[in-house]
1. Given B:Thr93, B:Thr66, which one is touching a residue at least 12 places away in the same chain (Cβ under 8 Å), under 21 Å from B:Phe11 (Cα atoms) and surrounded by fewer than 21 Cβ atoms within 10 Å (Cβ to Cβ)?
2. Quick test of your reading of the structure: B:Thr66 fulfils all but one of (1) assigned to a loop (DSSP other than H, G, I, E, B); (2) within 18 Å of the chain's Cα centre (by Cα). Name the failing condition by number.
3. Got a number for residues in the stretch B:196-222 being in a loop (DSSP other than H, G, I, E, B) and either in contact with a Pro (Cβ under 9 Å, 6 or more places away or on another chain) or under 18 Å from B:Lys9 (Cα atoms) (or both)?
4. Of all residues in the stretch B:155-165, how many are more than 11 Å from every other protein chain (Cβ to nearest Cβ) and farther than 18 Å from B:Pro102 by Cβ?
5. For the stretch A:1-17, name all the residues that are small (Gly, Ala, Ser), closer than 24 Å to A:Ala94 by Cβ and buried (at least 18 other Cβ atoms within 10 Å of the Cβ).
6. For the stretch B:163-202, what are the residues that are under 24 Å from A:Gly117 (Cα atoms), among the charged types (D, E, K, R) and touching a strand residue (DSSP E or B) at 6+ places or on another chain (Cβ under 9 Å)?
7. With respect to A:Tyr185, determine if the residue is free of Cβ contacts under 8 Å to residues at least 24 places away in the same chain and either closer than 17 Å to A:Tyr24 by Cα or crowded, with 20+ Cβ neighbours inside 10 Å (or both).
8. Working only within the stretch B:115-139, note down all residues that are crowded, with 21+ Cβ neighbours inside 10 Å and either assigned to a helix (DSSP H, G or I) or of a type in the set (S, T, N, Q) (or both).
Amino acid sequence: MLNYNEFVTALPFIAGGALITLKYTILSVFFGLILGTLLALAKMTSFPLVSWLSSAYTSLFRGTPLLVQLMLVYYAIPEFTGYKISAFEAGILAFSLNSAAYISEIIRAGIQAVDKGQMEAALSLGIKYRLTMQHIILPQAIKNILPALVNEVINLLKESSLISVLGEADLLRRANIVAAEKFIYFEPLIIAALLYYLMVMVLAWFASLLEKRMQRSD
Amino acid sequence: MISIEKLSKTFGNHQVLKDINLEIPLGQVVAIIGPSGSGKSTLLRCVNLLEIPTGGKITIENECITDPKCKVSSLREKVGMVFQHFHLFPHMTVKENVMYAPIKVKGISREEAGKHADELLKSVGLEDKADAYPSKLSGGQKQRAAIARTLAMEPKVLLFDEPTSALDPEMVKEVLDVIKNLAHTGITMLVVTHEMGFAREVADRVLFLDEGQIVEDGLPLNFFTQPKSTRAKQFLEKVL
């Protein structure tokens, strides 16, 4: 059964890893959002090559395991370029590239769910495409996008535990360190699981709050 | 003046418009009627390039809009459109809907655009709804707001695409009254409509479209009392 003493002594050390997990999540979502928005716009252009490339990107990053992508970035980049990439850089790069693929789909679907008449009405008033997107379409699309985006953040938060295979001291890695030092697995891993769950619950609560707010303005 | 020469439009294998030739003088009010699927809306949508014609030429005030060099956004400043389903911007108030394009497209100051919007909303009887969001309006009010939004750009040509077809019957009149007030004020109007009474009373000219062609083109009185083609006769028997 759970050893209370081990639990309490291991808690602060492992909880420190939550900050690292959060750092990976926040930075990756940030870069993923920028790249994902560009990819989503690329998918909707009338240039076939551009939209094809963007779809191919999404297909590749959704069709291969994130762990494989992470290892490719970490081990293959030094091999080809001679640049010794740090675990931090590799993690942020792989997670951002991966989440951009998902985020681009979320944004594309959100934009395309806005009634086509909105675009036509704006264009028929002589409003330029860029302004139409910025002031007419996107503010409406946000309603569809935000809740799905929070779910993507939740996914990324959990998936970021993969960074522990590169030795970064995140939540999971710290739990493993405690496990290896004291030959106990249950307490440290339970602590890690609980902390992940806690963070996910906070985000999920935030998501449901957002969803309610969005519906209210209908 | 609008001049349309040999206009055709094809969607896939389906030819929606076949060789349309049409001259519309400045200020004329034209009712476009015909069975559904006859190409009425497509014809209208070609005039502001929401549909790109497959062939032919459209000229508005000596500017050939089907020429690839034509600046589409400046064309659309001159040609306003009112849609069946209004398409008001739901995240803006009625007044913001009316003010947005003049500010962003014409570069008019907020103050001036606001004043103009107030006048326009008054003219369509919506001065008390200026700060309401579209979701709080009835269908008829939405369409009147949409008309005010279109008028705010001071277009020379107004296109109405079945402006009353999505409305409850009791709201049709308030919208038609607004359109009637605009007729013969110098603005050229093309109105796709199923309101035969309106076409007869307000239009200077009726076009009857069937299967992508203009089958009849004449004065409302002649069209409604002595249609020449059998297709027009059959159509009128069904709707009148």
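1. Going through B:Thr93, B:Thr66 in turn, the sole match is B:Thr66.
2. With (1) assigned to a loop (DSSP other than H, G, I, E, B); (2) within 18 Å of the chain's Cα centre (by Cα) applied to B:Thr66, the lone miss is (2).
3. 4
4. 5
5. Restricting attention to the stretch A:1-17, the residues satisfying the condition of being small (Gly, Ala, Ser) are A:10, A:15-17.
Filter once more, keeping what is closer than 24 Å to A:Ala94 by Cβ: A:16-17.
Of everything in the stretch A:1-17, just one residue is small (Gly, Ala, Ser), closer than 24 Å to A:Ala94 by Cβ and buried (at least 18 other Cβ atoms within 10 Å of the Cβ), namely A:Gly17.
6. B:Glu195
7. So A:Tyr185 fails the test.
8. Residues satisfying the conditions are B:Ala117, B:Leu120, B:Leu121, B:Lys129.
FYI, it's all coordinate maths here, none of it is from the lab. Computed from a predicted model, the values in this text were never measured in an experiment. Backbone-built Cβ (ideal geometry, glycine too); neighbour counts: all protein chains shown.
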